[in-house]
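Contents: one structure, followed by commentary.
The values are calculated or read from the model by the stated rules, or taken from the named source; none is laboratory data. Computed from a prediction, not measured in an experiment: that's the story for all the values here. Here the Cβ positions follow ideal geometry from the backbone for every residue, glycine too, while neighbour counts run over all protein chains shown.
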């Protein structure tokens, strides 16, 4: 009898430790799942915002490019303006300085956009 | 109704899908990394100390999610028909001709975050204290990433983007300043310690008793 008491206490302690460890692992798994869901939600939300912004013709890069083209077309002859219509698909960044490659592409025929900004 | 539909879909999105994906992944990475920095700084602080194991798991998961988002951010740019960058352009600093400074800043931030983050799994080999000192530079890498997004990001001038970033970045910067202030106080109260000599190293000094 005296030997079984410490043994049972040891079993209880082990069971308690195991249950605490399980609880810890369960909580860790839940946190990881929450973070994964959060990351997916953030990505999907950002994608949706950028998509709608671009599809509605309000993308900052494309709008800036369209405005630049409009300004350029008012200063050129009608035939030059007609040829610049084909450069609608190029983009440039809305912030910071513009790179030479961006301006080169802006004047090349890479059409993908029919912006509603007017 | 048809006219309304045509007005809404004013831009053909198809050719820009890679670009949109890259932008979305970049935004997600910035938000996740800001949250990760917040949680990391909370771990070292005296706030929420009782929940430290939960914070550690959250910090690790957020960091891994950030790295995944950054990889998507870079790799999807490879498919962009406008920029047409090479693998070197998105992986090696100062190689890209497009906004070289901001792009390089982003690349350096990514490599720094990847190395300082993933080195966690080799911290026993590196030495826990040494790793801890190195890991403090992750906050610097995050600041580089923040500068990259504000300097080069297409949406950097948009109100929704700034609000979204401010929501997570401002608390992180506040916690970082608090930590720097606290470490300065510790440094001035114990100036004889040689291990906390440089100001970069002193950011986020913790008591040895809580070191893992």
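Taken over the range B:1-59, the criterion of being more than 10 Å from chain A (Cβ to nearest Cβ), at pLDDT below 70 and part of a helix (DSSP H, G or I) is satisfied by B:2, B:3, B:4, B:5, B:49, B:50. Would you say residue B:157 is in contact with a helix residue (DSSP H, G or I) (Cβ under 8 Å, 6 or more places away or on another chain), within 14 Å of another protein chain (Cβ to nearest Cβ) and crowded, with 17+ Cβ neighbours inside 10 Å? Here the answer is no, as residue B:157 does not meet what is asked. For the range B:145-162, the set of residues classified as at pLDDT below 90 and within 15 Å of the chain's Cα centre (by Cα) consists of B:153 only.
Taking the numbered list (1) in a helix (DSSP H, G or I); (2) facing chain B (nearest Cβ under 8 Å) in turn, residue A:40 passes all entries but (2). Scanning the range B:90-111 finds no residues that are within 11 Å of another protein chain (Cβ to nearest Cβ), within 20 Å of residue B:168 (Cβ to Cβ) and not in a helix (DSSP H, G or I).
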